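Only the coordinates and a few stated rules stand behind these numbers; no lab work does. In this text, all values refer to a predicted model and were calculated from it rather than measured experimentally. Glycine gets a Cβ as well: all are built from the backbone with ideal geometry, and neighbour counts include every protein chain shown.
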Amino acid sequence: MFQDTIAAIATGDTMSAISVIRISGEDALAIAGKLMKRDFSDVRGYTLKYGTIYDKDEPADEVLVSFFRAPRSYTGEDIVEINCHGGVYLTRKILRLVYGAGARPARPGEFTQRAFLNGKMDLSQAEGINDLIFARDEVNARSALHSLKGSVRDILEPLREELVQIIANIEVNIDYPEYEDVHVLTEEEIMPAVRKWQNDLHSLIQQAQDAVFIREGIDTVILGRPNVGKSSLLNALLEEDKAIVTDIAGTTRDIVEGTIRLDGVTLNLIDTAGIHETDDIVEKIGIERSLQALEKAELAIVVLDGSMELTDSDKDLLERTKDKTRIVVYNKKDLKEIPDAVSISAANKDVDALRKKILEIYDTQIIHARQDTLNNERQIGLALQAEEAMQDAHNALEEGMELDLVTIDLQRCYDALMEITGEYTKEGLLDEIFSRFCLGK
Ligand SMILES: Nc1nc2c(ncn2[C@@H]2O[C@H](COP(=O)(O)OP(=O)(O)OP(=O)(O)O)[C@@H](O)[C@H]2O)c(=O)[nH]1
Ligand SMILES: [Mg+2]
């Protein structure tokens, strides 16, 4: 399908024991043959050969080469993978020899793009591969692996199937009114289905948004007046002494960041300068940054000193954060425990009550993040388009429009759903429709 043969280092451009150079395309076997002074044109797929790579007549490296034959390869084309020794200099040199023998540099993602265009995988699966490579934790890796295996298509399949049935029925009735074997659907029959689809799409989008939110990590700011124990709390959650802790009010003047994972939730934590009235110019700037961090954060942890009466600064902060998703924690529980509150002792690393509260707040989202759903903003955006089209279909039905107009909205919905996996073609829908009705015409 593609004319040119592409090549790239598959293992990353760093020092390692072994590097893999991947070559894909019509000339892959010929290029390997040329560099190794052998004829691989009849080599079988899934075989491994040992040999020498030559730079003109000089041996450059001893290598193991894997062969995959079209169409049974990652890209669907002939693929050769040269396993050479992993020095950066050597790997780059062999890559240059590969280019010299007729391959061109692959663009980022081009192997996977070919796999997609050659029908080896759908778009959501291709995205899954990238997500798997970049996964930072178990939840991310698991969902990426599932989408790689086609979970997105599986999720969408029932809805598409029902949708295509109804579109097909309407189209056939419009195009072949004389064909009597096909039941003529009425508005009354379609409306309940439309309502159900709207519900399905709505929960799918909700679930996917929750999952994306949890997987990307929750931006969390730790706020409080000076000396309540914010930095101690950051350190306790991170289980390391990242931020400086002293009994001097105003110790933290800039923001300190860290990331924690709690049972599949990632929190991007920010410790801030204690908020209070001050004339110190450095502290003032720090406080300004604390307030900016509050603006941007999704979750605010407001730290109070449980061993003391609330001060005006505390009250002011509680007021400022009242519309945010927030957790108010009472620290210094070793000095005084506050009943019926999230009571912790940061200095003693006794912060389980807070961990529990975080998991409680994000309970539903965490469950959603563990389920198979749509995986990124592109997919969610298309699902939103599908939902909008379905709403239009709903409105059209309510206004008593003709079914051939309603079907335009249903088709838009179907198109958007197909685009999620990149499978959409207008012909595809028509083939689908007509393959269901043996009209003999
Ligand atoms: N008794 C007790 N002392 C604590 C606890 N947590 C923190 N402290 C003490 O409170 C003081 C201030 O702690 P920090 O963590 O530096 O407080 P902070 O809120 O970051 O203060 P600033 O950076 O100045 O805004 C230190 O002396 C800590 O040892 C606790 O749970 N119990
Ligand atoms: Mg501090």
Proximal lysines relative to K296, as straight alpha-carbon distance under 17 Å, when same-chain residues fewer than 8 apart are discounted: K322, K324
If we sort 119-125, 272-278 on the protection proxy, mean other Cβ atoms within 10 Å, highest first, what's the order? 272-278, 119-125
From the phi angles alone, apply the Karplus equation (6.51, -1.76, 1.60; θ = phi - 60°) to the range 193-206 and give each ³J(HN,Hα) in whole Hz, x where the residue is Gly or Pro. 5, 4, 4, 5, 5, 4, 4, 4, 5, 4, 5, 4, 5, 4
List the trypsin sites (Lys or Arg not before Pro) in the range 282-351 that DSSP assigns to loop (not H, G, I, E or B) and whose Cβ has at most 14 other Cβ atoms within 10 Å. Which are they? K322, K336, K349
Global geometry of the range 155-441, whether rounded, prolate or oblate, following the gyration tensor of its Cα atoms and the 1.5 cut on a/c: prolate
Expected max-MSF residue from L132, L310, L374 in the GNM of the chain (alpha carbon, under 10 Å) is L310
List the lysines whose alpha-carbon lies under 25 Å from that of K49, not counting same-chain residues fewer than 8 positions away? K34, K37, K93
Taking the highest mean first, how do the peptides 389-395, 218-224 order by number of other beta carbon atoms within 10 angstrom per residue? 218-224, 389-395
Relative contact order (percent, whole number), the range 6-114, Cα cutoff 8 Å, 6+ residue spacing: 35
The answer for I301, listing residues at least 5 apart or on another chain whose modeled amide H is closer than 5 Å to its amide H, is V221, I222, L223, I327
Got the relative contact order for the chain handy, in percent, Cα pairs under 8 Å and 6 or more residues apart? 14
Taking the Cα centre of the range 6-114 as origin and charging only Cβ (+1 Lys, Arg; -1 Asp, Glu), how large is the dipole, in debye to the nearest 20? 140
Name the lysines eligible as straight-distance cross-link partners of K336: C-alpha to C-alpha under 22 Å, and not fewer than 8 places from it in the same chain. K230, K315, K349, K356, K357
Apply the Karplus curve 6.51 cos²θ - 1.76 cosθ + 1.60, θ = phi - 60°, to the phi angles in the range 76-86 and return the couplings in whole Hz, x for Gly and Pro. x, 9, 5, 10, 10, 10, 8, 9, 10, 5, x
Please list, ordered by chain and number, the residues whose modelled amide H lies under 5 Å from the amide H of V265; skip anything fewer than 5 residues away on the same chain. none
Using amide H atoms built in the peptide plane, which far-off residues or other-chain residues are under 5 Å from D61 H to H? I53
